[in-house]
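Novice: Handing you a structure now.
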Amino acid sequence: METFDADWLTLRERVDHRSRAESLIPPLVEAWETGGWSRVLDLGSGTGSNLRYLAPRLPHGQDWVLLDHDPAHLRTLRELQLPARVRSLTVSEIDLAGHDLSAVTGVHLVTASALLDLTSEGWLDRVVSACAAAGCGVLCALTYNGQIDWSDESSPGSADVDPDHQLVRDAVNRHQRGDKGFGPALGPAAVTVAARRFRVAGYRTTLRESVWRLGAPDRALVDRLIDGWEQAAAAIRPDGATRIRRWADGRRAVVAAGRFRLTVGHHDLLAVPSARV
């Protein structure tokens with residue numbers, strides 16, 4: 001299963017939190033209170049960003065179980081202070097790709113952040129089946145949807161008609177569909193596939209955009225994105241190495257000058273069993 005270092009998770013957390021679809025919180029809280037929920041299972045917890053976002057927004061008396069497989073992240077999670085509205089916090093070492101998902105049993109809410117696009121259709125089907133059997137709600141945040149759009153302040157919109165940008169974006173999205181440890185990944189299609197699967201399983205689903213809108217204050221994060229996209233694109237299109245390098249160098253120059261806007265598309269998905277809506 002693919003692992004992301006703590007520095008990357010720290011860089012993105014502030015942007016993640018400001019980008020998430022706050023409009024999904026009221027219906028989630030309504031389902032929580034109507035169903036008398038308390039138990040939350042967080043898949044792929046990383047350093048605890050999802051907990052830090054959700055715990056203050058859910059009612060008091062929460063019992064969280066955090067699942068991850070990275071030893072460094074597990075140490076961080078075990079040192080977390082109990083958030084004010086959380087009654088209990090359990091950390092478990094689990095490789096989600098090989099786990100039988102028995103942890104879903106008895107849970108009221110399954111949640112994950114920046115995970116679905118890394119997973120396969122088969123794994124997603126297992127999650128949907130496990131959640132439907134448990135009758136629990138689901139909140140999957142910040143699933144990448146394939147959109148990468150640049151705008152230079154000096155010439156708005158120019159970057160997106162650049163054939164080099166189109167080459168890189170297409171290659172990155174192909175790379176996203178490679179095996180990230182779960183089998184061939186759903187990549188940018190993940191959120192629509194997940195919404196459809198949950199609806200078939202008897203859930204009412206709501207999709208909301210959670211777009212990263214990045215500018216000069218986010219330079220460190222954007223620099224990491226450019227590095228990652230350059231590597232991913234080059235792995236898919238080695239024949240385009242010169243064009244990819246030219247694109248990356250040009251983007252770094254624009255970012256260094258602080259004259260840019262970058263949006264990276266994501267969606268949040270709330271799925272609640274129809275009987276509880």
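Novice: What relative contact order, as a whole-number percentage, does the chain give when Cα pairs under 8 Å and 6 or more residues apart are counted?
Specialist: Over the chain, the number comes to 22 percent.
Novice: If R₀ is 41 angstrom, what is the calculated FRET efficiency for the pair VAL29 and ALA235, using the beta carbon separation as r and rounding to 0.05?
Specialist: 0.45
Novice: Can you give the angle from 0 to 90° between the axis of helix 190-200 and the longest principal axis of the chain, with both taken from C-alpha atoms, to the nearest 10?
Specialist: So the helix axis and the longest Cα principal axis differ by about 30 degrees.
Novice: Classify segment 226-277: rounded, prolate or oblate, from the alpha-carbon gyration tensor (a ≥ b ≥ c, eigenvalue square roots; a/c under 1.5 rounded; otherwise prolate if a/b is larger than b/c)?
Specialist: Since a/c reaches 1.5 but b/c is at least a/b, the shape of segment 226-277 is classed as oblate.
Novice: Under the 0.36 nm per residue contour assumption, what length would be gained going from the current alpha-carbon distance of SER274 and THR10 to full extension?
Specialist: 91.4 nm
Novice: Using 7 Å Cα-to-Cβ label points, what is the GLU209/THR90 separation (nm, one decimal)?
Specialist: Going from the GLU209 label point to the THR90 one covers 4.0 nm.
Novice: Averaging sequence separations of C-alpha pairs under 8 Å and six or more residues apart, then dividing by the length of segment 137-277, give the relative contact order as a whole percent.
Specialist: Averaging sequence separation for qualifying contacts and normalising by length gives 45 percent for segment 137-277.
Novice: Measuring from label point to label point, each 7 Å out along Cα→Cβ, what is the SER129 to SER102 span in nm?
Specialist: 1.6
Novice: Can I ask one more? Taking the Cα centre of the chain as origin, work out the dipole magnitude from +1 charges on Lys and Arg Cβ and -1 charges on Asp and Glu Cβ, in debye rounded to 20.
Specialist: Details: 33 positive and 35 negative charges, 107 e Å.
Roughly 520 debye, rounded to the nearest 20.
Novice: Calculated FRET efficiency, VAL193 and ALA72, Cβ-Cβ r, R0 30 Å, to nearest 0.05?
Specialist: Efficiency computed from Cβ-Cβ geometry: 0.45.
Novice: With r defined as the distance between the Cβ atoms of ALA216 and ARG245 and R0 fixed at 22 Å, what FRET efficiency is calculated, to the nearest 0.05?
Specialist: 0.40
Novice: If you don't mind, there's one more thing I want to ask. Defining a contact as two alpha carbons under 8 Å apart and six or more residues distant in sequence, what relative contact order in percent does segment 1-138 show?
Specialist: 25
Novice: I've got another one for you. Compute the length gained on full extension between ASP63 and GLN147: take 0.36 nm times their separation in residues and subtract their Cα-Cα distance, giving the result in nm to one decimal.
Specialist: Answer, rounded to one decimal: 26.7 nm.
Novice: If I histogram all Cα-Cα distances within the chain using bins 10 Å wide from 0, what percent of pairs lands in each bin?
Specialist: 6, 28, 35, 20, 9, 1
Novice: Let me ask another. May I ask you to evaluate 6.51 cos²θ - 1.76 cosθ + 1.60, the Karplus curve with θ = phi - 60°, for each residue of segment 13-30 and list the ³J(HN,Hα) values in order in whole Hz, giving x for glycine and proline?
Specialist: Values, residue by residue: 4, 4, 5, 4, 5, 6, 8, 5, 7, 4, 5, 7, 5, x, x, 5, 5, 4 Hz.
Novice: So, one more: What are the residues whose amide H is under 5 Å from the amide H of ALA185, where those residues sit 5 or more places off or on another chain and H is modelled from the backbone?
Specialist: GLY178, ASP179, LYS180
Taken together, the values in this text are just the output of simple stated rules run on the coordinates, not laboratory data. This is a predicted model, so every value here is computed, not measured. Positions of Cβ are backbone-derived with ideal geometry, glycine not excepted, and every protein chain shown enters the neighbour counts.
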